[in-house]
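Take a look at the structure below.
Read-outs throughout are calculated quantities, based only on the coordinates presented, and are distinct from any laboratory measurement. Everything quoted here is computed from the prediction, not taken from an experiment. All Cβ positions, even for glycine, are placed from backbone atoms using ideal geometry, and neighbour counts span all protein chains on display.
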Amino acid sequence: MSIKYIRRSDYEATILDDEVIILNTDNYTITKVNEVGGFCWELLHESLTINNIIDALQTKYYQDQTEEDVESFLSVMMECGLVKHAD
C-alpha cells in the first residue's frame, strides 16, 4: 500500500509574482513555493500518493517529474507543518 499525503489544514494561500504564498495561521509562518509547488499544494486538498501527484504534474506541465522531486517537496512541506500522512 502506498503512503498518501494531505494538507494539514485549509491554510490561506495567495499567488504573488508566479509564486504561491501559504500562510500557516497555526504556527504563524509563511511558506513560499513556485508555481509547480502551488499546483501540488492545490492537489493536496485530498489525500494522494506520490504517483498521483506525479501523474497530475505530467498532465498539466507535459514534462517528466521524478519521484525524488515530489518526495523532496513533500518532505519540506511536512517539516513546515503544512502536509501530513493521510489516515
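7 Å from Cα along Cα→Cβ at both L23 and H85: what's the point-to-point distance in nm? Roughly 3.2 nm, to one decimal. Give, to the nearest whole percent, the P(r) tail of the range 1-72 beyond 13 angstrom, counting all Cα pairs. Summing the P(r) tail past 13 Å for the range 1-72 gives 67 percent. In straight-distance terms, cross-link reach from K60 covers every one of the aspartates and glutamates whose alpha-carbon lies under 14 Å from its own, apart from those fewer than eight places away in the same chain; here that gives E35, E42. Rounded to the nearest 500, the helix-only mean residue ellipticity at 222 nm of the chain stands at -12000 deg cm²/dmol, with each DSSP H run of n ≥ 4 adding -39,500 (n - 2.57). Using 0.36 nm per residue and subtracting the Cα-Cα separation, the extra length available between I3 and K32 on full extension is 8.0 nm. With contacts taken as Cα pairs under 8 Å and at least 6 residues apart, the chain reaches a relative contact order of 37 percent. Counted without the sites themselves, the longest stretch of the chain free of chymotrypsin sites (Phe, Trp or Tyr not before Pro) in a DSSP loop having at most 15 other beta carbon atoms within 10 Å is 29-61.
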